[in-house]
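Everything on this sheet refers to the single structure shown next.
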Amino acid sequence: MKTTLQIDIKKTEESRLPETDFDNLVFGQSISDHMFVADYEGGEWKNLRIEPYAPLHLNPANATLHYGQSIFEGMKAYKNVEGEILLFRPDANQKRLNESAQRMCIPEVPEEIFMEGLFQLLDLDRDWVPAKAGASLYIRPFVFATDDYLGVRPSEKYKFMIFTCPVGHYYSKPVSVKVETKYTRAIEGGTGYAKAAGNYAGSLYPALLAQKEGFDQLLWTDGKNHQHIEESGTMNVMFMIDQTLVTAPTNTGTILKGITRDSVLTLAREAGVNVEERFLKVDELENALKEGRLKEAFGTGTAATIAHIAKINVNGKDYILPEKNDNAFSNQVLRKLDAIKYGLEPDTHEWIQKV
Ligand code: COI
C-alpha cells in the first residue's frame, strides 16, 4: 500500500532483545522494544508515531477505567526460512477491529493507519519475530477512550496503539473444559461478537471457579437457556462428531468471528470434510460423548492456534476424549495452517502479507 502518512519514529536507546529468552517464551510476558500510537481528537486520527514501549500516563478520571470503552485484536507474524516476516490475515483483523469499534461507540481506525502503523512497527522490530517452529510474534492492536470525564457518554478522545510480543504456545498441553450452564458470557443484542475488554472481564469469575475445580477453561452456552454450546473463553470451539465438523454459527451476535475459525473451516471444506455451522445442543454433545461418536474437540484462536481438548465436563460428569493423534483432523489442519503461516506451502488464499 502506497502511503502519504507521516509516522514519527523515536527508537529505543537500549533494546531489551539481549535479555529476552527466546527459548522459554511465556505468552504475553516479553514485550518488543517499540509501540505504535495514534491519538483521536477533534474527529480525526493524528500524531501517528512509533516510540519505545513504555507505561502510559492516565488521569484517574480516564473514561476507559470507569466505563470500559476498550477493544482489541490479536494477530500473529511468522518468520520464513529466508528470514522474511509473514503476517497472517491482518486485513481480517483490521475489519474486525472496526466492527468492535462500531458496537462500542469508538471511532473506526482507517485501514491505512492500521496497516501502515503495523508494517512500520514490524519493520522496526523485525528482530523480535522468533525464527523457531512453533513460535511467532503476537500482535496486539487496541483502542481505548482517553477523555478525562465522569459523565456516561462516548468519549471524544481515544488512543489506537499496537505493541507486539514474541510468544510460544498459549496452551502447552491439551485442555480440559467444563460446560458452563449458570453464568452467561453473551446474549443476543449484547456485545458478545465484539472483541471488547469487558467481555473478557465478565468471563473471568466463572472461569476462575472452573479453574478451582481443575478445568482450564469453560465451554460457554447460550445466555437464554444454556442449552447449546457457543464458544470457549479464549477461543472458538469445534467438534468432530462421526465425520462431521460442527461449530457454532456467528450470526447471532454472541460469538466472536474468529479468523482462525474461518481459516480452519475454509481448509476443512477444501479437504472435503463435512462442515456444519450450527448450534450443538449440550444434550447432543453429551450423547455423542457417551456413544463414543465425539472423535475430537478443539479450540481455534490466534493465541491458542488449535488447542486439543482432552476432557469435557457436562452436567458434573467428566468425559475423556480420544488421545491426540497425528491423523486427527485437528492435527492435519494445524500442520496445514502452520505450513501456510511459515511460508512452507503456497498461499492460495492470499492470507499472507510480507513485511
Ligand atoms: C487471541 O487469540 O488473539 C485473543 O485475543 C485471545 C486472548 C484471550 C489471548
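The values are calculated or read from the model by the stated rules, or taken from the named source; none is laboratory data. Worth saying up front: this structure is predicted, and the values here are computed from it rather than measured. FYI the Cβ positions are ideal-geometry reconstructions off the backbone, even for glycines, and counts take in every protein chain you see.
Here is how the numbers come out for the structure above:
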| item | result |
| --- | --- |
| The range 303-316, residues that are farther than 20 Å from Asn327 by Cβ and either away from the ligand (no atom under 16 Å from the Cβ) or touching a strand residue (DSSP E or B) at 6+ places or on another chain (Cβ under 6 Å) (or both) | Lys311, Ile312, Asn313, Val314, Asn315, Gly316 |
| Filter result for Asp23 (of a type in the set (Asp, Glu) and either within 30 Å of Gly192 (Cβ to Cβ) or loosely packed, with under 14 Cβ neighbours inside 10 Å (or both)) | yes |
| Condition met for Ile255 (within 20 Å of Ala101 (Cβ to Cβ), in contact with an Asp or Glu (Cβ under 7 Å, 6 or more places away or on another chain), in contact (Cβ under 8 Å) with a residue 40 or more places away in the chain and among the β-branched types (Val, Ile, Thr)) | yes |
| Some residue of the range 127-148 being of a type in the set (Val, Ile, Thr), within 16 Å of the ligand (Cβ to nearest atom) and touching a residue at least 24 places away in the same chain (Cβ under 8 Å) | yes |
| Residue, nearest to the ligand (Cβ to nearest atom), within the range 203-226, restricted to residues that are within 13 Å of Ile187 (Cα to Cα) and loosely packed, with under 15 Cβ neighbours inside 10 Å | Lys224 |
| Qualifying residues in the range 170-199 (those that are β-branched (Val, Ile, Thr) and over 21 Å from Gly74 (Cβ atoms)) - the one farthest from the ligand (Cβ to nearest atom) | Thr181 |
| The listed residue being in contact with a strand residue (DSSP E or B) (Cβ under 6 Å, 6 or more places away or on another chain) and within 16 Å of the ligand (Cβ to nearest atom), out of Val246, Val237 | Val237 |
| Top-ranked residue in the range 249-267 [being more than 16 Å from the ligand (Cβ to nearest atom) and under 17 Å from Ala196 (Cα atoms); ranked as surrounded by the most Cβ atoms within 10 Å (Cβ to Cβ)] | Thr254 |
| Elements of type strands (runs of 3 or more DSSP E) in the range 37-152, at least 1 residues being exposed (fewer than 15 other Cβ atoms within 10 Å of the Cβ) | 44-52 |
| Residue in the range 112-126 that is of a type in the set (Gly, Ala, Ser) and more than 22 Å from Glu44 (Cα to Cα) present | no |
| Selection within the range 2-20 - in a loop (DSSP other than H, G, I, E, B) and surrounded by 11 or more Cβ atoms within 10 Å (Cβ to Cβ) | Thr3, Leu5, Ile7, Lys11, Thr12, Ser15, Arg16, Thr20 |
| Qualifying residue in the range 302-309 (condition: in contact with a Pro (Cβ under 6 Å, 6 or more places away or on another chain) and closer than 24 Å to Thr250 by Cβ) | yes |
| Odd one out for Ile309, checked against (1) surrounded by 19 or more Cβ atoms within 10 Å (Cβ to Cβ); (2) part of a loop (DSSP other than H, G, I, E, B) | (2) |
| From the options Glu291, Glu231, Glu277, Glu270, residue that is among the acidic types (Asp, Glu) and within 16 Å of the ligand (Cβ to nearest atom) | Glu231 |
| Members of the range 317-330 that are modelled with pLDDT of 95 or more and not hydrophobic (A, V, I, L, M, F, W, C) | Lys317, Asp318, Tyr319, Ser330 |
